[in-house]
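The structure appears right after this line, and notes come after that.
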Amino acid sequence: MWLDLRKILDTPGASEPFRVTLDPDTLAGGAIVGFKRPPEASGEVVNTAGLLNLRGELRAEMTCVCDRCGTVFDREKVLPLDVPLSADVSDETSPEVFAIEGDGIDVSEVATTCFILNTETKCLCRDDCKGLCPQCGKNLNEGPCHCAAPVDPRLAALAKLLGGETETEN
Ligand SMILES: [Zn+2]
Ligand SMILES: [Zn+2]
């Protein structure tokens, strides 16, 4: 969506609202398998003492796959947007600044870039996801499996010090 900024470019205090629906296909990938409905970004571009800032939020209801256990789950993400815009296209010193092209800016492109830059490198169904048992493949979030519990290396060392009798008894 192209947002015309001519009305606010030279008017400190002025603002231009926007609301845009983003292309789910561009945003999906990695742990994100899809969206329940197309993500939306809304807010306004504000002229603060001559400097333009895009402010607002991006809302996405996405379907993800857990990196650890493979469970498919839904997650809602609300990403605050606060992006400086610059009329000086040659300003390549700061990659965080988006260039105004002519008299406006492509709001969809700005929001899409912000979403991609803020994608978590790790996607877990819950912070303490226990993952899958490496031996039988059972999802350990649903309960323990019947495989032997992994031996704590510290306890193993202690058992060795004490003679390790319990292991050899039969
Ligand atoms: Zn998980
Ligand atoms: Zn197991």
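The values are calculated or read from the model by the stated rules, or taken from the named source; none is laboratory data. These numbers were taken from a predicted model, which means no experiment stands behind them. Please note: Cβ atoms are built from the backbone with ideal geometry, for glycine as well, and neighbour counts cover all protein chains shown. Note: areas computed on protein heavy atoms with side chains; ligands, DNA, RNA excluded. Shrake-Rupley method; radii C 1.70, N 1.55, O 1.52, S 1.80 Å.
Quick notes on this one:
- In segment 43-61, the residues that are touching a residue at least 60 places away in the same chain (Cβ under 8 Å) form Cβ pairs under 8 Å with partners that are part of a strand (DSSP E or B) and open to solvent by 60 Å² or more (accessible area, probe 1.4 Å), at six or more places apart or across chains, as follows: V45/R55.
- For V97, the stated conditions do not hold, so it cannot be described as more than 15 Å from ligand 1 (Cβ to nearest atom), open to solvent by less than 50 Å² (accessible area, probe 1.4 Å) and modelled with pLDDT of 90 or more.
- Any hit, segment 23-32, residues being more than 30 Å from G137 (Cβ to Cβ), touching a helix residue (DSSP H, G or I) at 6+ places or on another chain (Cβ under 9 Å) and open to solvent by 20 Å² or more (accessible area, probe 1.4 Å): yes
- Among the candidates D74, D67, D82, the residue that is open to solvent by 40 Å² or more (accessible area, probe 1.4 Å), out of contact with any strand residue (DSSP E or B) (no Cβ under 9 Å at 6 or more places or on another chain) and modelled with pLDDT of 90 or more is uniquely D67.
- Selection status of P17, more than 20 Å from the chain's Cα centre (by Cα), loosely packed, with under 15 Cβ neighbours inside 10 Å and without any contact (Cβ under 8 Å) to a residue 40 or more places away in the chain: yes
- Residue in segment 71-80 that is more than 16 Å from ligand 1 (Cβ to nearest atom), over 13 Å from the mean Cα position of the chain (by Cα) and assigned to a strand (DSSP E or B) present: no
- Look at segment 3-14: where a residue is outside any loop (DSSP other than H, G, I, E, B) and a partner is β-branched (V, I, T) and surrounded by 11 or more Cβ atoms within 10 Å (Cβ to Cβ), sitting 6+ places away or on another chain with Cβ atoms under 7 Å, you get L3/V45; L3/I105; L3/V107; I8/V45.
- Among residues of segment 101-152, those that are away from ligand 1 (no atom under 16 Å from the Cβ), in contact (Cβ under 8 Å) with a residue 60 or more places away in the chain and not in a helix (DSSP H, G or I), counted: 5
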